[in-house]
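Below is one structure; the comments refer to it alone.
The values are calculated or read from the model by the stated rules, or taken from the named source; none is laboratory data. Since the model is a prediction, treat every value here as computed from it, not as a measurement. Glycine also receives a Cβ, built like all others from the backbone with ideal geometry; neighbour counts cover every protein chain displayed. All accessible areas refer to the heavy atoms of the entire protein, side chains included, with ligands and DNA or RNA removed. Shrake-Rupley method; radii C 1.70, N 1.55, O 1.52, S 1.80 Å.
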Amino acid sequence: QVQLVESGGGLVQPGGSLRLSCAASGSFFRIYNMGWYRQAPGKQRELVAVIASGGSTNYADSVKGRFTISRDNAKNTVYLQMNSLKPEDTAIYYCNTGIGTISYWGQGTQVTVSS
């Protein structure tokens, strides 16, 4: 069983920045691949960024060059640094990991980009 708790969302103006955090329970965080997803109102949940246990990363085209995913294995935490935010980045952001056939999700954190 893995518990994921996101934090760091909020209201920000276009062009601003936010850093999301996801704290994971358990003793094996360092071997988990971790991902950030988002879901905007009326839209399907979409992958934003992933970071493998070895540190390699991948990003959705819509966030490349603006968002950075990172991890701190000593703190069992994965981060999403979001810069140059746009109104279309408004969504609930979820942290995710999968172990075998089981997928674990956090409760989500709201990010609103608006002037």
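Looking only at region 3-11, decide whether some residue is touching a Lys or Arg at 6+ places or on another chain (Cβ under 6 Å) and not in a helix (DSSP H, G or I). Spell out the reasoning first.
First pass over region 3-11, keeping only residues touching a Lys or Arg at 6+ places or on another chain (Cβ under 6 Å): 8.
Restricting the remaining residues to those that are not in a helix (DSSP H, G or I) gives 8.
Scanning region 3-11, I find at least one residue that is touching a Lys or Arg at 6+ places or on another chain (Cβ under 6 Å) and not in a helix (DSSP H, G or I), so the answer is yes.
As a summary of the residue check, GLY100 satisfies the conditions (1) open to solvent by 70 Å² or more (accessible area, probe 1.4 Å); (2) touching a residue at least 40 places away in the same chain (Cβ under 8 Å) except for the one numbered (2). Against the list (1) in contact (Cβ under 8 Å) with a residue 60 or more places away in the chain; (2) open to solvent by less than 50 Å² (accessible area, probe 1.4 Å); (3) of a type outside the set (Phe, Trp, Tyr), the condition GLN110 fails is (2).
Taking region 44-87 as the range and being open to solvent by 20 Å² or more (accessible area, probe 1.4 Å), closer than 22 Å to LEU11 by Cβ and in contact (Cβ under 8 Å) with a residue 40 or more places away in the chain as the test, the residues that pass are ARG45, TYR79, GLN81, ASN83, SER84, LYS86, PRO87. Restricting attention to region 18-32 and to residues that are in a loop (DSSP other than H, G, I, E, B) and open to solvent by less than 60 Å² (accessible area, probe 1.4 Å), the residue that is nearest to GLN110 (Cα to Cα) turns out to be SER25.
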